[in-house]
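K.L.:
Okay, handing you the structure first.
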Amino acid sequence: MTFLKTDRVGGVVIVLLLITTGVFGTLLLLDLLAIGPGYPPPEALQKWYIPQPRYEYAENGSMIVNRTINGDIVLLGDIEEGCPSLFPVFSRHCNYAMYADTGSDDRYLVVNWYFDDNADLLQAEMDLCSRLRAAGNVSFSELILSKEPDPSQSGSIFDPVAITRFESETSSGYFTVVEKPLSPEHDDYFIAYFGVVGSAPLSDHTAALEDLMLRSYSFNGARPLAFC
């Protein structure tokens, strides 16, 4: 009788273990399905809209970094984690990078804020717009990210990108918001800024900033900052 009772208890324990394992496995599977196979981690998404250098091989087989983004524009240093001192920390997932035009010595700044929650994005937009209005001039605008017109097309080969135009004594440039660019099933939200550093007419740097944007990720469906 003792052996039977022991076997019965052991069987119950095994069943409970199987149930627990099944529940854990189901939760893990659901989590993986929510993330998606091969989906980029936050560490990658927080620099998603920052133009990055190319990695090439030298003749001796060693890997070298090509910092030229386009033409005379080169990446200065590394892509930095965190937000630059010019702008507040609206998200813990933030990266920025500095670029230089070697022909004119102008400096450019690209910032990428990443959010995984729409409420956090809207709060950041509200705070950012309040600060931008206090620091300079803010207006709505559009960019056509097309370097050369296509003669075979009656119109632009690119849709206009809706942006918020910002001009101040410390930096002037373009803000844009992109929602769920990787997948409509996954909560990914971005605020990207492309600007010139210092006091400079923004219109003189539109071409350089557009080049940087063209070497970034897709801006399909982009919109200007809310609350501005």
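K.L.:
Quick one: Asn70 ticks every box in (1) surrounded by 10 or more Cβ atoms within 10 Å (Cβ to Cβ); (2) modelled with pLDDT of 80 or more; (3) more than 22 Å from Arg215 (Cα to Cα) bar one, so which box is it?
P.N.:
It is condition (3) that Asn70 fails.
K.L.:
Follow-up. Working only within the range 83-102, note down all residues that are in a loop (DSSP other than H, G, I, E, B), in contact with a Cys (Cβ under 7 Å, 6 or more places away or on another chain) and surrounded by 13 or more Cβ atoms within 10 Å (Cβ to Cβ).
P.N.:
Keep residues of the range 83-102 that are in a loop (DSSP other than H, G, I, E, B), which gives 83-93, 102.
Adding the requirement that they be in contact with a Cys (Cβ under 7 Å, 6 or more places away or on another chain) leaves 83, 89.
Cys83 - this is the single residue of the range 83-102 that is in a loop (DSSP other than H, G, I, E, B), in contact with a Cys (Cβ under 7 Å, 6 or more places away or on another chain) and surrounded by 13 or more Cβ atoms within 10 Å (Cβ to Cβ).
K.L.:
In addition: Return yes when Pro88 is farther than 24 Å from Asp211 by Cβ and modelled with pLDDT of 85 or more and no when it is not. Walk me through how you get there before you give the answer.
P.N.:
Working: farther than 24 Å from Asp211 by Cβ: yes; modelled with pLDDT of 85 or more: no.
No, not satisfied.
K.L.:
Also, quick follow-up: Looking at the range 64-86, is at least one residue in contact with a His (Cβ under 8 Å, 6 or more places away or on another chain) and hydrophobic (A, V, I, L, M, F, W, C)?
P.N.:
no
K.L.:
From the list Gly77, Gly38, Gly82, pick out the single residue that is under 30 Å from Phe194 (Cα atoms), at pLDDT below 75 and either of a type outside the set (A, V, I, L, M) or under 20 Å from the mean Cα position of the chain (by Cα) (or both).
P.N.:
Values: Gly77 fails: at pLDDT below 75; Gly82 fails: at pLDDT below 75.
Residue meeting the stated conditions: Gly38.
K.L.:
Would you confirm whether any residue within the range 90-105 is in the same structural domain as Glu210 (by TED's automatic domain parsing) and within 16 Å of Leu225 (Cα to Cα)? Let's see the steps before the verdict.
P.N.:
Initially, the range 90-105 is screened for residues in the same structural domain as Glu210 (by TED's automatic domain parsing), giving 90-105.
Of the ones still in play, those that are also within 16 Å of Leu225 (Cα to Cα) are 90-91.
Looking through the range 90-105, at least one residue is in the same structural domain as Glu210 (by TED's automatic domain parsing) and within 16 Å of Leu225 (Cα to Cα).
K.L.:
State all residues of the range 121-140 that are in contact (Cβ under 8 Å) with a residue 60 or more places away in the chain and either within 17 Å of the chain's Cα centre (by Cα) or in a helix (DSSP H, G or I) (or both); if no residue qualifies, say none. Steps first, please.
P.N.:
So the first thing to find is which residues in the range 121-140 are in contact (Cβ under 8 Å) with a residue 60 or more places away in the chain, and the list is 121-122, 124-126, 128-130, 132-133, 138, 140.
Leu121, Leu122, Ala124, Glu125, Met126, Leu128, Cys129, Ser130, Leu132, Arg133 - these are the residues of the range 121-140 that are in contact (Cβ under 8 Å) with a residue 60 or more places away in the chain and either within 17 Å of the chain's Cα centre (by Cα) or in a helix (DSSP H, G or I) (or both).
K.L.:
If you scan the range 100-125, which residues turn out to be of a type in the set (Phe, Trp, Tyr) and within 17 Å of Gln52 (Cα to Cα)?
P.N.:
Those that are of a type in the set (Phe, Trp, Tyr) and within 17 Å of Gln52 (Cα to Cα): Tyr108, Trp113, Tyr114.
The values are calculated or read from the model by the stated rules, or taken from the named source; none is laboratory data. What you are looking at is a predicted structure, and each value in this text was computed from that prediction instead of being measured. So basically every Cβ, Gly included, is an ideal-geometry build from the backbone, and we count neighbours across all protein chains shown.
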